[in-house]
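The values are calculated or read from the model by the stated rules, or taken from the named source; none is laboratory data. Quantities reported herein were computed from a predicted structural model and do not represent experimental measurements. All Cβ positions, glycine included, derive from the backbone under ideal geometry; neighbour counts span all protein chains shown. Areas reflect the complete protein model, heavy atoms only, side chains present, ligands, DNA and RNA absent. Shrake-Rupley method; radii C 1.70, N 1.55, O 1.52, S 1.80 Å.
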Amino acid sequence: MGRPTIADIARQAGVSKGAVSFALNGRPGVSEQTRERILRVAQEMNWRPHSAARALGGARAGAVGLVLARPARTVGVEPFFAQLLSGLQAELSTHSTALQLLVVEDTAAEIEVYRRWSSEHRVDGFVLVDLQVRDPRIAVLEELGMPTVVLGGPRRQGSLPTVWADDRAAMLSIVEYLAALGHRRIAHLAGLPAFLHTQRRIRALRDAARRLDLVEAYSVPTDFSDAEGAAATRALLARRERPTAIVYDSDVMAVAGLGVAAEMGVAVPGELSLVSFDDSVLARIVHPPLTALTRDTFALGELVARTLLAAIEDPLSQVELKTATPRLTVRESTAMPRR
């Protein structure tokens, strides 16, 4: 049997389709006895409202969407996303709102999902992550009129509310710390170059290099995966003039890099200092434990969820929330370089 319709319920309950519509939508026009009979029949037939019909009625979907255009293998192993998703869902669940997650191949596929979910009224709003340079998604979401919160910044993106942390200040705190230890050759294993936060970190390193008189400071783009993190580390350590410190844009890459250093007989931190831009259990349980930028990613997810729920209630709200800059937690993976 296919999906039950209002006509099926009306036939089973012995009433008109209009009466069924009144009962299912909580509107006056039928007696309480008839309403109860209709609701009982609907439950027995496992009836659920069709998304398009619900949209026409102005009802909410009770869900928000998060679409990630990243390699699925990297999303699955990144503690940052696990904590972010946990925080989002924890806050949303207190408001009986679900989180609908989809991982896609590229930005074009991501935009298609936004259009489809919006037209089908699958969700009441979106969380937008991995903000891009000249991001094409902003205009699409504004055109769709969907409440959306951008995780990233620093400035408000079009008319969309924004929650952000200062990636530039965070990167500067790392470079200044390494320079104070005496490091003059610093490499940065960055994320995807199309991401705005990647570009801000790259520029921060370049600017700091001039100010701090570093001999070498350069960034190498990756896809955030452990495989590319390991391969890039191996290439760096094979250089004649290898860096004395490496900054990684994710803890997964940093842990992979630590393994490569051990494989190549490069002592950490005696010959090489390592820093991760993300902190997690991974960074703390390896040996030596990794110096990393620490922030409460679970709480960040909760804040993004609260901001989106407020935007759903008031679609005209335009807020920009700056969160605390991640703080540097120094552990045993960093030390003064050998002269």
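Quick check on my filter: what residues within segment 179-201 are crowded, with 18+ Cβ neighbours inside 10 Å, within 20 Å of the chain's Cα centre (by Cα) and among the aliphatic types (A, V, I, L, M)? Scanning segment 179-201 gives LEU189, ALA190, LEU192, LEU196. No other residue among ALA52, ALA61 is within 21 Å of LEU102 (Cα to Cα), part of a helix (DSSP H, G or I), at pLDDT below 90 and open to solvent by less than 60 Å² (accessible area, probe 1.4 Å) apart from ALA52.
Within segment 253-268, which residues are touching a Leu at 6+ places or on another chain (Cβ under 9 Å) and surrounded by fewer than 24 Cβ atoms within 10 Å (Cβ to Cβ)?
Correct list: VAL255, VAL260, ALA261, MET264, VAL266, VAL268.
Selection of first residues in segment 236-253 that are closer than 18 Å to GLY270 by Cβ and among the polar types (S, T, N, Q) and of second residues that are assigned to a loop (DSSP other than H, G, I, E, B) and modelled with pLDDT of 95 or more, restricted to Cβ pairs under 6 Å at least 6 apart or on distinct chains, gives the following pairs, ordered by first then second residue: THR244/HIS183. Looking across segment 270-284, the residues that are more than 24 Å from ALA169 (Cβ to Cβ) and either at pLDDT 95 or above or of a type in the set (Gly, Ala, Ser) (or both) come down to GLY270, GLU271, LEU272.
Output the number of residues of segment 64-84 satisfying the condition of being surrounded by fewer than 19 Cβ atoms within 10 Å (Cβ to Cβ) and either part of a helix (DSSP H, G or I) or modelled with pLDDT of 85 or more (or both). Steps first, please.
Going through segment 64-84, the residues surrounded by fewer than 19 Cβ atoms within 10 Å (Cβ to Cβ) turn out to be 68, 71-73, 75-77, 79, 82.
Subsequent filtering for residues that are either part of a helix (DSSP H, G or I) or modelled with pLDDT of 85 or more (or both) retains 68, 72-73, 75-77, 79, 82.
Result for segment 64-84: 8.
Mind checking whether some residue in segment 325-332 is in contact with a Gly (Cβ under 9 Å, 6 or more places away or on another chain) and not in a loop (DSSP other than H, G, I, E, B)? No, that holds for no residue. Residues in segment 211-241 that are open to solvent by 40 Å² or more (accessible area, probe 1.4 Å) and either β-branched (Val, Ile, Thr) or at positive phi (or both): 3 in all.
Collect the residues in segment 85-119 that are among the acidic types (Asp, Glu), open to solvent by 40 Å² or more (accessible area, probe 1.4 Å) and in contact (Cβ under 8 Å) with a residue 24 or more places away in the chain, keeping them in residue-number order. Answer for segment 85-119, where residues must be among the acidic types (Asp, Glu), open to solvent by 40 Å² or more (accessible area, probe 1.4 Å) and in contact (Cβ under 8 Å) with a residue 24 or more places away in the chain: GLU105, ASP106.
Hey, could you check segment 147-160 for residues that are over 26 Å from THR74 (Cβ atoms) and modelled with pLDDT under 90 and say which is most open to solvent (accessible area, probe 1.4 Å)? This residue is ARG155.
Name every residue in segment 314-339 that is under 22 Å from the mean Cα position of the chain (by Cα) and within 30 Å of GLY158 (Cα to Cα), in order of residue number.
PRO315, SER317, GLN318, VAL319, GLU320, LEU321, LYS322, THR323, ALA324, THR325, PRO326, ARG327
Find the residue count for segment 6-42, including only residues that are of a type in the set (S, T, N, Q), modelled with pLDDT under 85 and open to solvent by 60 Å² or more (accessible area, probe 1.4 Å). Going through segment 6-42 one residue at a time, the tally reaches 1. When ASP124, ASP135, ASP166 are checked against the criterion of being surrounded by 15 or more Cβ atoms within 10 Å (Cβ to Cβ) and under 19 Å from THR325 (Cα atoms), ASP166 stands alone in meeting it.
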